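Let me begin by presenting the structure, written as C-alpha cells, before commenting on it.
The numbers here are math on the coordinates, done by the rules we state, and not lab data. Everything quoted here is computed from the prediction, not taken from an experiment. With ideal geometry, Cβ positions are generated from the backbone for all residues, glycine too; neighbour counts draw on all protein chains shown.
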Amino acid sequence: MSLVPTVRLSGGLEVCRVLNGMWQVSGAHGPVNKDRAVEAMQAYVDAGLTSFDMADIYGPAEEIFGQFNNQLKSKPSAPALQALTKWVPRSGPMDRNVAEKALRRSMARMNVDVVDCVQFHWWDYRDKRYLDALGHLSDLQQEGLIRELSLTNFDTQRLEEITSRGIRISSNQVQYSLIDQRPAVKMEQFCLANNIQLLTYGTLAGGLLSERYLGMAEPTSRAELYTASLSKYKNMIDTWGGWRLFQDLLIALETVAKRHSCSVANVATRYVLDQPAVGGVIVGCRLGVAGAGQHIDDSLRSCSPELKLTAEDLAAIEAVTRCSNDLMALIGDCGDEYRN
Ligand SMILES: NC(=O)c1ccc[n+]([C@@H]2O[C@H](COP(=O)([O-])OP(=O)(O)OC[C@H]3O[C@@H](n4cnc5c(N)ncnc54)[C@H](OP(=O)(O)O)[C@@H]3O)[C@@H](O)[C@H]2O)c1
C-alpha cells in the first residue's frame with residue numbers, strides 16, 4: 001500500500017490529502033450500479049485513498065459507503081476509513097430532535113457508531129437558525145457522536161460569527177481551483193488564524209482541467225456536458241473568462257505538466273494542495289458508472305511530495321489566471337453561488 005499524505009483536523013482525525021468524492025454516485029453523473037460502486041471502492045482503499053466525502057443529499061452515497069464499510073469490517077486487518085458526510089437541511093425548525101434525527105439517519109446508512117466528520121450546509125443566511133443547528137451538532141459532538149464538526153460553503157463572515165460563539169469548526173468545504181480562487185481573498189487568512197482546514201471541490205472542474213479538453217471546441221450541449229459537474233464548472237469558466245482563456249490555461253498547464261512528466265490534473269490539484277489553508281482536495285469518483293475514468297494512480301501522483309511546482313511553473317500559470325474576471329466581485333465569497 002502506498003503512503004498517502006494526510007492532514008490532521010483539529011479534533012484529531014487524519015484524512016488523506018486527496019479524498020474520494022461521492023457526489024458522483026448521486027445519479028446526476030450517469031446511472032449508478034450500486035453493487036459495482038461498492039466493488040469499485042476497494043481499489044481506492046487498497047491504494048491508501050481511505051477518505052470518502054458524502055452527503056445526506058447525494059442519493060445512495062451514504063448507503064454505498066455503509067455497504068462497503070460493512071464488508072470491510074469483516075476482513076482481518078482492514079485499514080481504517082474516514083467517513084465525511086454533510087447535513088444539508090431544508091429551512092425549518094432546528095431543534096435538537098431535528099439535528100439528532102438527521103445525524104442518526106446518516107450513521108445508520110453509513111454503518112458507523114460515530115461520524116468522523118459532519119459538514120453542515122445552510123441555504124439562507126437571513127434565517128439565523130443555522131446557529132441553532134450548529135449548537136445542537138456541537139452538543140452531539142460533546143456527547144461523542146461526531147468527531148469533527150465542520151461546515152461547507154460558508155463565507156468568511158459567517159465562519160467568524162460561528163466560531164466567535166465558541167463553536168469549534170474543523171474545516172470548511174469550498175470550491176477552490178485554478179479557476180475559482182476566491183478562498184484566497186479572505187477565507188484562507190481566517191482559517192489559518194483559527195486552525196480550520198479547507199477541503200476543496202471543483203479542483204478539477206469536473207474533469208475539464210485535464211488534457212481531454214485541450215484544443216477542444218467549446219462544449220455547450222447537454223450531451224457534451226454530460227455530468228452535473230461538467231455543467232456546473234463550465235458555467236464557472238464562463239463567468240471566470242470564457243473558453244478561449246480556459247484554453248490558454250490548459251496550454252500553460254500542459255507545458256508545466258510536461259516539465260514534470262505528469263498530467264494536467266496533477267498540476268491543477270498540486271496547485272490547490274499547496275495553498276496555505278488547504279488540508280485536502282476532494283476528487284470526484286464516478287464509482288459504478290459505466291464509462292467512468294479510473295484516476296487512482298493519477299491522484300496518488302497529485303499528492304506525492306515529489307511533485308513540486310517551481311517558481312517558473314507558477315509564473316506560467318499565473319500569467320493566465322491573472323487575466324480572468326474577479327469572481328469575488330461577480331459572485332461573492334465562498335458559497336455565495338448557492339445563495340445568489
Ligand atoms: N460541498 C459542496 O457543495 C460540493 C459541491 C460539489 C462537489 N463536492 C464534493 O467534491 C467532490 C468532487 O466533485 P466535483 O464536482 O468537484 O468534481 P471534480 O473532482 O472536479 O471532477 C470529477 C471528475 O473529474 C474527472 N477526473 C478525476 N480525476 C481525474 C484525473 N486525474 N484526470 C482526468 N480527469 C479526472 C473524472 O471524470 P470521469 O469520471 O469522466 O473520468 C471525475 O468524474 C464531490 O464528489 C463531492 O464530494 C461538494
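What the table shows:
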| item | result |
| --- | --- |
| Segment 82-129: relative contact order as a whole-number percent, Cα under 8 Å and 6+ apart | 62 percent |
| Residues Phe52, Phe154, Phe190, Phe246, sorted so that the one with the fewest Cβ neighbours within 10 Å comes first | Phe190, Phe246, Phe154, Phe52 |
| Karplus (6.51, -1.76, 1.60) ³J(HN,Hα), θ = phi - 60°, over segment 59-66, in Hz, Gly and Pro reported as x | x, x, 4, 5, 5, 4, 4, x |
| Rounded FRET efficiency, nearest 0.05, which uses the C-beta distance separating Glu211 from Ala311 and R0 of 30 Å | 0.80 |
| In range of the label at Asp46: residues from segment 286-305 whose backbone nitrogen is under 17 Å from the point 7 Å along Cα→Cβ | 287-288, 294-300 |
| Trypsin sites (Lys or Arg not before Pro) restricted to DSSP loop in segment 216-302 with at most 13 other C-beta within 10 Å | Arg222 |
| Under-5 Å amide H pairs with Arg17, H placed in peptide plane, nonlocal only | Thr6, Val7 |
| Segment 3-155 - percent relative contact order, Cα under 8 Å, separation 6 or more | 21 percent |
| Cβ-Cβ FRET estimate between Thr255 and Ser91, R0 fixed at 41 Å, reported to 0.05 | 0.30 |
| Inter-label distance, nm, simple model (7 Å from Cα along the C-beta direction), Ala80/Asn340 | 4.1 nm |
| Loop-located GluC sites (Glu not before Pro) in segment 238-340, at most 13 other Cβ atoms within 10 Å (DSSP) | Glu306 |
| Equivalent ellipsoid dimensions for the chain as semi-axes, Å, which come from the Cα gyration tensor, largest first | 30, 24, 19 |
| Residue-span extension gain [Ala223 to Cys323] - 0.36 nm each, minus C-alpha spacing | 33.0 nm |
| Förster radius 41 Å - calculated FRET efficiency between Asp132 and Asp35 (Cβ-Cβ, nearest 0.05) | 0.55 |
| Spin-label pair Glu161/Ala290, simplified geometry with 7 Å Cα→Cβ offset, distance in nm | 4.8 nm |
| Pairs from Lys128/Lys232; Lys101/Lys186; Lys86/Lys186; Lys258/Lys308 whose Cα-Cα separation, in the structure shown, is over 25 Å | Lys128/Lys232; Lys101/Lys186 |
| Most mobile listed residue (Pro276, Pro76, Pro93) in the chain, GNM with C-alpha springs under 10 Å | Pro76 |
| Contour excess over end-to-end distance, with Cα ends at Arg244 and Ser231 and 0.36 nm allotted per residue | 3.0 nm |
| Added length on full extension, which subtracts the Cα-Cα distance from 0.36 nm per residue, Leu192 to Ala28 | 55.6 nm |
| In order through segment 99-115: 3J(HN,Hα) via Karplus (6.51 cos²θ - 1.76 cosθ + 1.60), integer Hz, x for Gly, Pro | 5, 5, 4, 5, 5, 5, 5, 5, 4, 5, 5, 8, 6, 10, 8, 9, 8 |
